Amino acid sequence: MPPPAASERVAGSGLLAGEMKDAMRSWVTAQDESRHQFQGEGLIRMDIRHNHLEQRWHDLRFDLESSVFDVKAKLHRHGAGSVAHMELYLRRGIYTFSQDEHQE
C-alpha cells in the first residue's frame with residue numbers, strides 16, 4: 001500500500017486527517033461520564049442555542065430558583081440579544097415549551 005499523499009496529512013502533526021479527527025473526539029469526550037460529578041445542590045446545567053445566530057453555550061449553570069428574567073439577563077451577558085426582546089423555549093426531545101406557559 002502506498003504512503004498517504006502529503007495533502008492527506010494535517011500540517012505539522014504527522015497525522016492523517018482521520019487520525020486527527022479521532023484524537024480530537026477522544027480529547028473532547030474524555031471523562032464525559034463524570035462531568036456533572038461536582039455540580040452544586042440546587043443547580044442545573046443547560047446547553048443553550050441561539051435560534052438566529054450560530055451560537056451555542058454549553059453547560060451554563062442556573063439556580064433552580066432563577067426567574068425567567070434572571071435567565072434572560074445571564075444569557076444577555078453571554079452575548080444573546082436584549083432581555084426585553086428575548087423569547088425562551090425549552091426543548092427536550094420532541095417537546096417544546098415556551099416561557100409563557102410557565103411564568104408565574
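The values are calculated or read from the model by the stated rules, or taken from the named source; none is laboratory data. Not measured: the values here are computed from a predicted model. For neighbour counting, all protein chains shown are included, and Cβ atoms are generated from backbone atoms with ideal geometry for every residue, glycine included.
If you go through segment 48-69 and pick out every residue that is within 19 Å of the chain's Cα centre (by Cα) and either within 18 Å of Ser98 (Cβ to Cβ) or in contact (Cβ under 8 Å) with a residue 60 or more places away in the chain (or both), you end up with 6. The residues of segment 74-83 that are in a helix (DSSP H, G or I) and more than 18 Å from the chain's Cα centre (by Cα) amount to a single one, Val83.
For segment 16-67, a residue qualifies if it is farther than 30 Å from Glu87 by Cα and either of a type in the set (Phe, Trp, Tyr) or assigned to a strand (DSSP E or B) (or both), and the qualifying residues are Leu16, Trp27, Phe38.
Please work out if Asp63 is at positive phi and modelled with pLDDT of 80 or more. Even if it seems obvious, please write down each step before you answer.
On the way: at positive phi: no; modelled with pLDDT of 80 or more: yes.
Spelling it out, it is not the case that Asp63 is at positive phi and modelled with pLDDT of 80 or more.
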